[in-house]
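The structure appears below as C-alpha cells.
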Amino acid sequence: MSHESKTPLVLCLKCRYELSGFQLGDTCPECGNDINRLVDQTALSSNKAAVVISTGILSLLIFILTIVRFPSRNTMQWMSVAAVIGLIAIIYNVKVRDAIRTGRAPFSCLTPTKFGNVCGIIGFTLSTIMVVMLIVGSILISIFANNVNA
Ligand SMILES: [Zn+2]
C-alpha cells in the first residue's frame, strides 16, 4: 500500500483539476475558479462502491432464500425485489467503473465493486428468469386447464 492512495482525491468542481492540498478560499491553479466547496470525490465513489457490494449481495441472498423456501405464496414478490435490487447493483457498478476510469475513484474500489456486480448480475438474471418462468408457467397451466375443461 502506497502512502499516496490514502490522500483523499479532491477535484475542482469546474475543471476537475486535482486540488489535494488546497483549502477553501484558494483559487484553482488550472481554471481560476474560487474553491468554495471541497468535495472528496474518493469518499463519494467509495459510497457508490458500497452500494454495489451491498445491493449485489442482498439481491443474490434474497434469490437464494426465496429458492430455498420455494414454492411460497410470496415467491413472485421476492423474486421481483431481488431483480430490482440486482439491477441497482449493475447500474451503480457502471458509475463506479466510470469514476475509476476518469480518476475520481481509487483503483482499490475495483475488486469489491466487481464482486458486488457479479452477485448483482447473478441475482438479477436468475430472479428475472424465475419471474418469467412463473408467468409462462401460470399461462400454460391456465391454457391446459381450459383444454381439459373443453
Ligand atoms: Zn479548476
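None of the figures in this text is laboratory data; all of them are computed from the coordinates on show. All figures in this text were calculated on a predicted structure; none of them were measured in a lab. For neighbour counting, all protein chains shown are included, and Cβ atoms are generated from backbone atoms with ideal geometry for every residue, glycine included.
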Review point. Could you give the Stokes-Einstein D for the chain in µm² per second, using the C-alpha Kirkwood radius, 4 °C, 1.567 mPa s?
Key: 71
Revision key, fill the gap. Projecting the Cα atoms of ILE121, GLY86, ILE64 onto the charge dipole of the chain, where Lys and Arg contribute +1 and Asp and Glu -1 at Cβ, the residue farthest towards the positive end is ILE64
Review point. Where nothing but the Cβ of Lys and Arg (+1) and of Asp and Glu (-1) is charged, how large is the charge dipole of the chain around its Cα centre, in debye to the nearest 20?
Key: 400
Check your understanding: Given H placed on each backbone N at 1.01 Å, which residues far from PHE22 in sequence or on other chains put an amide H within less than 5 Å of it?
Key -> none
Exercise for review: State, as an integer percentage, the relative contact order of the chain based on alpha-carbon contacts under 8 Å between residues 6 or more apart.
Suggested key: 24
